[in-house]
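Structure record follows, encoded as structure tokens.
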Amino acid sequence: MSLDSPQIEPSVDGLGILSDAHARADETFELAARHLDRSLVDVLRILGFDEDYRSAQGSHLYDAGGSPHLDFHTGEGFASLGHNNPDVRDALRAVLDSDLIDGVQIHYSPLAGMLAEELCQRLPEGLEAVFFASTGAEAVDSAMKFARAATRRPRFISCESSFHGVTFGPLSMVGDEFFKEGFGPLLPGCARVPFGDLDALERELRARDVAAFIVEPIQGRTVALPPEGYLRAAQELCRRHKTMFIIDEIQTGLGRTGCWFALEREGLEPDFVLVGKALSGGYMPVAAMVTTREIYQRAVGTLERCYVHQSTYGRNRLSMAAGLAALRVIERDRLVEHCADVGELLRAGIEQLRERHEMIREVRGAGLMIGIELQPPRSMVARLSTQAIRMASEGLFPQLVVIPLHRDHGIITMAAGKNDVIKLLPPLTLSETEAARFLDALDAVLTDCESGARKNWAVVREIATSTIRRRQPPAR
């Protein structure tokens, strides 16, 4: 499939930043290895993801030769409206050209109040007070502080396999020890319960010392859906024990699951809703903590405490404008409904592949948030190879599919972590044609893997061998 690379409009840049960036594009990974995250650069090179991308538009990234790569990752759902959405870009340009006050620290711009208003209109009644931040983790941290201030309780409960961010407070509630190794001791008073286990949750809440229970309506790491009725029952337990109920919609919110917010699926009325990632339409860092006016006032509602919780860039004019533009594009283009329809088509297609391919163990998700859990083929050779791969890393097996999807078919996906899940987060604007292209490519890759195609297995075995070698101390 061939698509023309988008034409980039010339921009006025008196300091020469853009022209320098174009001139040094070939140095991208060298610069990153020298001054940024060298290990991530190594991983991208090992997986063959060190592609020389030069531009992006809609569902595609374009390499130096102009070839399109279909993006089913979108920065973990950040670019939910597709890359470089023109309507959001126009809004940002207009705001820049207007010389508006930036509305941070001791000033307000109308944009912040407008975005807060439009967010609250799409959430359950009573959620009417908003704190804007730059990242989802900062929104989580804000909810933790406000919950403690409102309840005067010290503890927090989260779920096993959950993910809420990697800054210190949210990391303390993450349900995977892998992310915490080397960073402890973390925040005291944080405990985890199995996702879906109401009895375990109630045992923790009985002491009445828990400030808040935080939960993702669909767990982002493995796209795990809760048992039917679990979230509503958990909300009732929190009410009974005077514990705040926090719904983390940082990945699921703003149309991703086929509704504005996943909490709608069970008619939830939480004390906090956390929003991030897609809020800016793929342009600016912006996130939000939304709560009730009563809780907000308990935390920072006196004159002498009105400035004790701030975010330097939290309500800056560009982030606020991008957020407003994103909400209005989703509404205007009926992307919530579109996401539900195309997501159903995509899941149905993967289910059909599951009937023909033994490597697909399970398909789960909602809207355009889909997890494909893999399993090794039945052949002895495949099982032995899988065992060797897993000895190197628990999250390496899905690369058997991820790598050839990218290398041979120009489709970008991701392994979900130390598990056997491939997570799909394509843009909400994904077309039926693009979904069909993915299904055809996945069918071809699975056919190759199950037929014992040496190329795919050899690449991943080589990565496994290299990983194990790197762990061994150098010879004396």
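What is segment 73-149 by shape, rounded, prolate or oblate, if you read a ≥ b ≥ c off the alpha carbon gyration tensor as root eigenvalues and call it rounded for a/c under 1.5, prolate for a/b larger than b/c, and oblate otherwise?
Oblate, since a/c reaches 1.5 and b/c is not below a/b.
At 222 nm, what value in deg cm²/dmol follows for the chain if DSSP H runs of at least 4 each add -39500 (n - 2.57) and the sum is divided by all its residues, to the nearest 500?
Rounded to the nearest 500, it is -13000 deg cm²/dmol.
Using the Cα centre of the chain as the reference point, and only Cβ charges (+1 on K/R, -1 on D/E), how large is the resulting charge dipole? Debye, rounded to the nearest 20.
Charge dipole of the chain: 1780 debye, to the nearest 20.
Between their Cα atoms, which of LYS242/LYS423; LYS277/LYS418; LYS180/LYS423 are more than 30 Å away from each other?
LYS242/LYS423
Which shape class, rounded, prolate or oblate, goes with the chain when its Cα gyration tensor gives a ≥ b ≥ c as root eigenvalues, a/c under 1.5 marks rounded, and past that a/b bigger than b/c marks prolate?
It comes out oblate by the Cα gyration axes.
Provide HIS60, HIS164 in ascending order of the number of other Cβ atoms located within 10 Å of each residue's Cβ, fewest first.
Final ranking by Cβ density, sparse to dense: HIS60, HIS164.
Would you mind counting up the charge near GLU358? Only other residues with Cβ under 11 Å from its Cβ, with Lys and Arg at +1 and Asp and Glu at -1.
+2
Which ³J(HN,Hα) values, rounded to whole Hz and listed in residue order, are derived for segment 220-225 from phi using the Karplus coefficients 6.51, -1.76 and 1.60 in 6.51 cos²θ - 1.76 cosθ + 1.60 with θ = phi - 60°, glycine and proline given as x?
Once θ is set to phi - 60°, the couplings for segment 220-225 become x, 5, 10, 6, 8, 8 Hz.
Summing Lys, Arg as +1 and Asp, Glu as -1, what charge do residues with Cβ under 10 Å from the Cβ of GLY169 carry, GLY169 excluded?
Around GLY169, the surrounding residues sum to -1.
By its C-alpha gyration tensor, with a ≥ b ≥ c as the square roots of the eigenvalues, how is segment 352-474 shaped: rounded for a/c under 1.5, else prolate for a/b larger than b/c, else oblate?
prolate
Show me the trypsin sites (Lys or Arg not before Pro) within segment 5-74 that DSSP assigns to loop and that have at most 15 other Cβ atoms within 10 Å of their Cβ.
ARG24
Kyte-Doolittle mean at least 0.5 and Cα extent at least 20 Å along the axis: which DSSP H helices of the chain qualify?
Both cut-offs are met by 317-332.
Under a Cβ-Cβ cut-off of 12 Å, what is the net charge of the residues other than LYS242 that fall near it, where Lys and Arg count +1 and Asp and Glu count -1?
Its environment carries a net charge of +4.
How about segment 70-141: which GluC sites (Glu not before Pro) there are in a DSSP loop, with at most 13 other Cβ atoms within 10 Å of their Cβ?
Filter output for segment 70-141: GLU125.
Please report CYS306, CYS259 as a ranked list, fewest other C-beta atoms within 10 angstrom at the top and most at the bottom.
Ranked by crowding around the Cβ, least crowded first: CYS306, CYS259.
Could you tell me which GluC sites (Glu not before Pro) in segment 202-253 are loop residues by DSSP with no more than 13 other beta carbons within 10 angstrom of their beta carbon?
GLU228
Quick note: the coordinates plus some simple rules give every number you see, no bench work behind them. All of these numbers come straight from a predicted model, not from anything done at the bench. FYI the Cβ positions are ideal-geometry reconstructions off the backbone, even for glycines, and counts take in every protein chain you see.
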